[in-house]
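Notes follow once the structure below has been shown.
The values are calculated or read from the model by the stated rules, or taken from the named source; none is laboratory data. Because the structure is predicted, anything quoted here is derived from the model rather than measured. Note: ideal-geometry Cβ built from the backbone for every residue, glycine included; neighbour counts use all protein chains shown. SASA here: full protein model, heavy atoms, side chains in, ligands and nucleic acids out. Shrake-Rupley method; radii C 1.70, N 1.55, O 1.52, S 1.80 Å.
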Amino acid sequence: MPGIRRTGLRAALLAIPVSLTVLGTAVVPAGATAHHPGESLTCRGKGVDPDARVRHRTQTVIHAPLRTIWKAQTDVERWPSWQTAVTTAERLDHGPFRPGSAFRWTTPVPPNPHTPATSLDITSTVRQVKPGSCIRWTGPAVGEGLRIDGVHVWNFTKAGNGVRVSTEETHTGPQVDANVPAATEILRQGLEAWLRDLKTTAEARAHDRA
């Protein structure tokens, strides 16, 4: 990328969504669509960071019961079993998924021509939740020479014989702000990959139980 400073290039390549890391080509889930950044999702009246320059929103329809989708999404410690880019995941509290629940998880960052392989350590805290309807969490992702502060909102709504899962995330931080288009594109890839994995997992579980 000629003309981009080393720090800017690192920001572009390490701008990992605080939801997921994907630096390869993401496969867009069937039916996934992006939305204008002004149309923000909310959970109990709270949304993403309105001042963030790096943001993306997307959605897909999953043909599985809502309870199956919700269980996969909120059973954090099992994320590594179905999310290809999650290495470890640990709940920092016990009991139901509720406001104040926190979890720590890690995701790898592959090497590239300018930077070595590294890993992001992410600590997410649930701020708002309405069971079966929405979740909003926030938290920092920290890696070598990098910090991203993210806000992530999820909505779940019935759609015919399935569930429409919509997600929106924003990132702030000097590294991601150094190359907004690249950071936004990588965020897009990560969110769409998360939806792809969630759709595959929930629909397979629903099929197995049929």
Breaking point among (1) open to solvent by 10 Å² or more (accessible area, probe 1.4 Å); (2) part of a strand (DSSP E or B), for Gln175
(2)
Can you report the number of residues in region 178-194 which are of a type in the set (A, V, I, L, M) and either open to solvent by 10 Å² or more (accessible area, probe 1.4 Å) or part of a strand (DSSP E or B) (or both)?
4
Does region 165-172 contain any residue that is open to solvent by 50 Å² or more (accessible area, probe 1.4 Å), in contact (Cβ under 8 Å) with a residue 60 or more places away in the chain and within 13 Å of the chain's Cα centre (by Cα)?
no
Could you tell me which residue of region 125-148 is surrounded by the most Cβ atoms within 10 Å (Cβ to Cβ), considering only residues that are without any contact (Cβ under 8 Å) to a residue 40 or more places away in the chain and in contact with a Gly (Cβ under 6 Å, 6 or more places away or on another chain)?
Thr125
Odd one out for Phe156, checked against (1) part of a strand (DSSP E or B); (2) buried (at least 19 other Cβ atoms within 10 Å of the Cβ); (3) within 14 Å of the chain's Cα centre (by Cα)
(3)
List pairs: first in region 78-89 and under 13 Å from Ala193 (Cβ atoms), second part of a helix (DSSP H, G or I), Cβ under 6 Å, 6+ apart or cross-chain?
Trp82/Asp197; Trp82/Thr201; Gln83/Asp197; Val86/Trp79; Val86/Pro80
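Residues checked against (1) at pLDDT 90 or above; (2) in contact with a helix residue (DSSP H, G or I) (Cβ under 8 Å, 6 or more places away or on another chain); (3) not hydroxyl-bearing (Ser, Thr, Tyr):
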site	(1), (2), (3)
Pro96	yes, no, yes
Thr115	no, yes, no
Ser119	no, no, no
Glu192	yes, no, yes
Thr201	yes, yes, no
Suppose the filter is of a type in the set (A, V, I, L, M, F, W, C) and within 16 Å of Gln73 (Cβ to Cβ); does Ala193 pass it?
yes
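A quick yes/no check of all residues on (1) assigned to a loop (DSSP other than H, G, I, E, B); (2) surrounded by 19 or more Cβ atoms within 10 Å (Cβ to Cβ):
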site	(1), (2)
Asp51	yes, no
Gln59	no, yes
Arg67	no, no
Gln83	yes, yes
